[in-house]
Amino acid sequence: MTSLHAVPKSEPAPEKATPAARSISVDPLDYALKAAAVKRMRRSRRRVVFLIHASEIFSALEPVVAELQARADRFELIFVALPRNYSGRTGPCENLPQTMSFLQGLGLQPIAMTGQDVGDLVRLIQLAPDFIFRQTPWEHHIPSVFNSRLLGFSQLCYVPYGMGTIERPVQQYDQAFHNQCDLVFAESQYHLERYLQHRALGSTGVVLSGYPRFESFVRHLENVQPPWPLPCADDIPRVIWAPHHSVERTWLNYSTFLDYKDLMLNEAQRGRISILFRPHPALAAKLQASGSMTSAAYADYLSAFDATGSSGVDRCETYIDQFAASDMLITDGLGFFSEYLLTGKPLVRTWKEGAEPMNHFGNWCAEAARVVRDGNQLVEVLDEVANHSYRDERLELRLERREILSAMCIGAAARVADALENA
């Protein structure tokens with residue numbers, strides 16, 4: 001219990017509180033909850049708060065933000081920047097200044113919350129949001145005061161940050177977060193059925209919206225021709241290499257970074273191909289936490305990649321421009337399997353022995369990729385690309401899947417906004 005002295009806002013606090021003031025004792029959390037309910041009753045617009053800790057996946061929400069901004073007479077938007085921890089271990093959350101800078105660069109005016117104590121939860125409650133969007137279901141990625149169990153004072157909403165491709169139904173559809181959500185926006189009929197099958201609350205509150213990220217990606221790919229971000233000759237093939245973060249066998253086991261990092265650096269140093277190295281945002285933290293690579297060794301590796309001249313490291317938060325300007329993607333998974341298919345360009349999967357099985361949707365996407373299972377096969381692909389003789393045996397499958405994925409997303413952001421209006 002905390003004593004609050006009742007002082008008019010226009011006057012300084014008295015040096016010594018009166019006995020009556022000292023007798024006022026309230027629970028600030030309880031008080032904030034009750035005050036928030038009163039504030040909501042007096043508003044003409046619905047207030048939507050976005051808790052943002054990962055700029056790299058903001059593109060999943062960006063079309064929804066744009067749609068709600070277009071309905072400014074009905075919605076008020078507030079953005080809260082949070083720190084994050086991607087190590088998979090208990091430890092401090094970081095990266096708050098970078099997230100603030102990213103949101104400010106979009107012309108937004110974010111509020112920073114460190115989440116170090118319950119005071120930030122009280123501040124969030126005082127905003128009295130009608131809806132809260134969180135970016136991921138992973139509670140350990142953000143400070144514990146923003147745990148989904150503590151956000152029940154508002155309607156909690158979730159647009160998946162990536163299309164579910166792994167056969168891990170509990171983690172993808174039935175975490176505590178999923179069941180705390182009042183509104184979950186399903187990417188496809190397949191994903192809607194998975195919620196119905198695996199979520200404790202079934203499909204209650206699940207809206208078949210389509211995938212907003214794909215809606216904006218398709219529009220961007222059709223209308224923009226961005227330059228390749230690295231200096232290279234016009235006839236040099238341009239390849240994105242995007243390894244996953246799951247270097248430990250205890251979780252997913254998809255990353256082939258440690259298997260092919262030397263091979264890919266050697267290829268970059270040859271200069272035959274311009275390779276844009278885009279690691280998963282959590283790769284650095286996972287390498288260090290697992291003991292697979294020190295932060296200094298990883299920094300040296302990035303420097304060596306940058307030093308090649310025609311190749312380099314992608315440090316941008318967004319990546320759709322890079323997709324548009326590239327000729328090929330080489331990746332081990334997971335979200336990029338479906339996202340890069342929207343380009344219609346060659347997709348190469350570096351297979352990892354012992355990787356977690358994918359679900360039906362993930363396999364459907366990965367079928368359109370050429371698979372390499374060892375270094376020799378990867379060298380074969382790189383030689384074909386460098387010599388402009390790539391055997392594109394999956395073209396028909398890719399184009400077929402591109403059409404299906406593109407159709408799935410039409411009107412997705414509007415359906416999310418409609419759901420908020422009708423909630």
Based on what the data block shows, is Arg123 of a type in the set (D, E, K, R), under 25 Å from Gly152 (Cα atoms) and touching a residue at least 40 places away in the same chain (Cβ under 8 Å)?
no
Working only within the range 217-227, note down all residues that are over 23 Å from the mean Cα position of the chain (by Cα) and touching a residue at least 24 places away in the same chain (Cβ under 8 Å).
Gln225, Pro227
Can you work out which of the residues in the range 189-229 that are touching a Phe, Trp or Tyr at 6+ places or on another chain (Cβ under 7 Å) and of a type in the set (S, T, N, Q) is least open to solvent (accessible area, probe 1.4 Å)?
Ser209
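Residue-wise test of (1) within 22 Å of Arg213 (Cβ to Cβ); (2) open to solvent by less than 70 Å² (accessible area, probe 1.4 Å).
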{"site": "Trp351", "(1), (2)": "no, no"}
{"site": "Ala355", "(1), (2)": "no, yes"}
{"site": "Asn359", "(1), (2)": "yes, yes"}
{"site": "His388", "(1), (2)": "no, no"}
{"site": "Glu393", "(1), (2)": "no, no"}
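Of all residues in the range 67-99, count the ones that are closer than 28 Å to Ala285 by Cβ and of a type outside the set (Asp, Glu).
Matching residues across the range 67-99 total 20.
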Condition met for Gly375 (buried (at least 18 other Cβ atoms within 10 Å of the Cβ) and either touching a Leu at 6+ places or on another chain (Cβ under 9 Å) or touching a residue at least 24 places away in the same chain (Cβ under 8 Å) (or both)):
no
Would you be able to tell me the number of residues in the range 231-247 that are under 22 Å from Asn387 (Cβ atoms) and either open to solvent by 30 Å² or more (accessible area, probe 1.4 Å) or assigned to a strand (DSSP E or B) (or both)?
10
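The values are calculated or read from the model by the stated rules, or taken from the named source; none is laboratory data. All values reported here derive from a predicted model rather than from experimental measurement. Glycine gets a Cβ as well: all are built from the backbone with ideal geometry, and neighbour counts include every protein chain shown. Ligands, DNA and RNA are stripped out before the accessible areas are found, and what is left, the full protein with its side chains, is counted by its heavy atoms. Shrake-Rupley method; radii C 1.70, N 1.55, O 1.52, S 1.80 Å.
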